[in-house]
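J.: Structure in structure tokens, see below.
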Amino acid sequence: MWPAADSLFAKLALHAERIALREGQLQFSYRQLLDEVSRRSAYLTQLGVQRIALDLDNGIDWLLWDLAVLKAGLVCVPLPGFFSPDQQRHVLDSASVDCLLGQDSPAFRDLGFVATGAGLLLRARPQADELPAGTCKITYTSGTTGQPKGVCLDAHTQLQVAQSLVSASASCQVERHLCVLPLATLLENIAGVYAPLLAGACVELLPMTEVGLLGASQFDLPTFLGALQRVQPHSLILLPQLLLALVNAGERGLPLPGSLRFIAVGGGRVAPQLLERADALGLPVFEGYGLSECASVVCLNTPQQRRIGSVGKPLEHLEIRLGPDQEVLVKGPRLLGYLGEPAPQGDWLGTGDLGHFDEGFLILHGRKKHQFITAFGRNVNPEWVEAELVQQLPIAQAWLHGEALPTNVAVLVPRFAESSDEDLAAAVEQVNRQLPDYARVHHWLRAGQPFSSANQQATANGRLRRTALYQHYRSAIDELMALDIFTTSEPCPGDAP
């Protein structure tokens, strides 16, 4: 067993007969959970495997195997179902996985895995990169370009984050947490599983289709609302687009559960207007911020300390300061290193995010590398404008481009197929009224298709792949600029490709 895991299992044992896990009619008490984890841990040890990938749907089985790998002192590699087949092959090979828990498939057999029954696939241990000492989990970032990178984490770092989250949310007395995001997502793994278990809560688990997440980027709102009504959870973790769907549902008069006490939202910029709309509905939403390199959460708003427009204050186990260029720097427990790369040096880890503090609350401006400079020398953080655009009902997705251009151009994905150019133009105009001139959408294009992982224009969790978008829409933008027509919020003639 990894040394830091001792404290986790000791704390779980204190909850004894309380219900720890529930999936429909199936449930496990804390005592039953520990017994089953011990059994599975012994089995993995008997097999002699070293690096175990989890290719399972959300459910009790995923969680039990994750804890069993931790107890056995082995390395867990969550395999995101929203990764492309090529990305999944990259994960299995780069992490030198020798045991795969999931369904047999030709793709896995091509990599040398052989089914042994009971959902296990084994292969001869491949040549493996040496891992940083203490690595118990390799989580892969979806990234914005290229193949995902493996982040090596130890048990101590993950559990410190989980314990800080327990402290931050203690006043909400969460007793039931519903996992909405895939368990292979580190945020749900740490904040939605480890933290509730440390607090003695019940982790409610459902297959992804039963919470409304279909494939890499499809979302079914009625299914999601139905799951909330059945489970009546006290807490959820949502991405901004899921929160937007929940708020839209409430504003349309659809019933929302009265049980919710803590809704954490992160993974992308949240427009203050959306949080104000959530407040008006009585939804207890708390924005946070984190990164895989720090085992997910580093800042969080709480009931005691909350400021709309900020991502909250740093968690109790770490420190944050700003670099000379306003880059957010973090000091505290963090990754041991990227797979196959040297360990990071120095006490302070650069996040690549820009921000400032206001009375201790961190306010983010956007990604350092996403900021562009217009032809007039003005710096623009496009995420700020994009977050405001998608608040408008006709706009589902937005990408803003203006590098070295005299005017900014947005590519817009309509929320509804029947949305007219006039609808989109009115929405853009509404946003422009709130923006300084240099950040406004001076011209826009109607997207040919939604931004998704399938067309490589977005990551699986919704982050824009800006380089891919530029390559796809570059010709249309160049044609627009050649027209030398800079009338505010006028669409380009015809749809973009």
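The values are calculated or read from the model by the stated rules, or taken from the named source; none is laboratory data. Not measured: the values here are computed from a predicted model. Glycine also receives a Cβ, built like all others from the backbone with ideal geometry; neighbour counts cover every protein chain displayed.
J.: Does any residue in region 323-346 that is on the phi > 0 side of the Ramachandran plot and part of a strand (DSSP E or B) come within less than 9 Å, Cβ to Cβ, of a residue that is of a type outside the set (D, E, K, R) and crowded, with 18+ Cβ neighbours inside 10 Å six or more places away or on a different chain, and which pairs are these?
T.: These pairs meet every condition: Gly337/Leu131; Gly337/Thr135; Gly337/Val151; Gly337/Cys152.
J.: While we're here: Run Pro436 past the list (1) in contact (Cβ under 8 Å) with a residue 24 or more places away in the chain; (2) more than 21 Å from Leu244 (Cα to Cα); (3) of a type outside the set (Ser, Thr, Tyr) and report the number of the one that doesn't hold.
T.: The one condition Pro436 does not meet is (1).
J.: What strands (runs of 3 or more DSSP E) lie completely within region 358-437 and have 3 or more residues being more than 22 Å from Glu479 (Cα to Cα) and touching a helix residue (DSSP H, G or I) at 6+ places or on another chain (Cβ under 6 Å)?
T.: Because the criterion is at least 3 residues that are more than 22 Å from Glu479 (Cα to Cα) and touching a helix residue (DSSP H, G or I) at 6+ places or on another chain (Cβ under 6 Å), no strands (runs of 3 or more DSSP E) in region 358-437 meet it.
J.: Still on this structure: Val413: touching a residue at least 40 places away in the same chain (Cβ under 8 Å) and either under 29 Å from Glu276 (Cα atoms) or surrounded by fewer than 18 Cβ atoms within 10 Å (Cβ to Cβ) (or both), yes or no? Explain how you work it out, then say what you get.
T.: On the way: touching a residue at least 40 places away in the same chain (Cβ under 8 Å): no; either under 29 Å from Glu276 (Cα atoms) or surrounded by fewer than 18 Cβ atoms within 10 Å (Cβ to Cβ) (or both): yes.
So Val413 fails the test.
J.: Filter region 15-36 for residues that are of a type in the set (A, V, I, L, M, F, W, C) and out of contact with any Phe, Trp or Tyr (no Cβ under 8 Å at 6 or more places or on another chain); which is farthest from Val180 (Cα to Cα)?
T.: Ranking the candidates gives Leu33 first.
J.: Restricting region 87-107 to residues that are without any contact (Cβ under 8 Å) to a residue 40 or more places away in the chain and assigned to a helix (DSSP H, G or I), which is nearest to Arg463 (Cα to Cα)?
T.: If we take residues in region 87-107 being without any contact (Cβ under 8 Å) to a residue 40 or more places away in the chain and assigned to a helix (DSSP H, G or I), then Gln88 is nearest to Arg463 (Cα to Cα).
J.: Taking the conditions exactly as written (in contact with a Lys or Arg (Cβ under 7 Å, 6 or more places away or on another chain), part of a helix (DSSP H, G or I) and not assigned by TED's automatic domain parsing to the domain that holds Asn248), does Tyr470 satisfy them or not?
T.: Considered against the rule, which asks whether it is in contact with a Lys or Arg (Cβ under 7 Å, 6 or more places away or on another chain), part of a helix (DSSP H, G or I) and not assigned by TED's automatic domain parsing to the domain that holds Asn248, Tyr470 comes out as no.
J.: In addition: For region 29-55, enumerate the residues that are touching a residue at least 40 places away in the same chain (Cβ under 8 Å), over 18 Å from Leu8 (Cβ atoms) and part of a helix (DSSP H, G or I).
T.: Residue satisfying the conditions is Leu47 alone.
J.: With respect to Ala95, is the statement that it is surrounded by fewer than 21 Cβ atoms within 10 Å (Cβ to Cβ), more than 27 Å from Pro196 (Cα to Cα) and not basic (Lys, Arg) true?
T.: No; evaluated as a whole, the condition is false for this residue.
J.: Would you confirm, using the coordinates I've provided, whether Arg307 is in the same structural domain as Gln173 (by TED's automatic domain parsing), more than 19 Å from Asp154 (Cα to Cα) and either in contact (Cβ under 8 Å) with a residue 24 or more places away in the chain or in a helix (DSSP H, G or I) (or both)?
T.: Answer is yes for this residue.
J.: Return the only residue of Ala458, Ala447 being surrounded by 22 or more Cβ atoms within 10 Å (Cβ to Cβ), of a type in the set (Gly, Ala, Ser), touching a strand residue (DSSP E or B) at 6+ places or on another chain (Cβ under 7 Å) and within 19 Å of Gly267 (Cα to Cα).
T.: Ala458
J.: Turning to a different aspect of this structure: For region 96-151, give me each residue that is farther than 30 Å from Arg466 by Cβ and touching a His at 6+ places or on another chain (Cβ under 6 Å).
T.: The answer is none; no residue qualifies.
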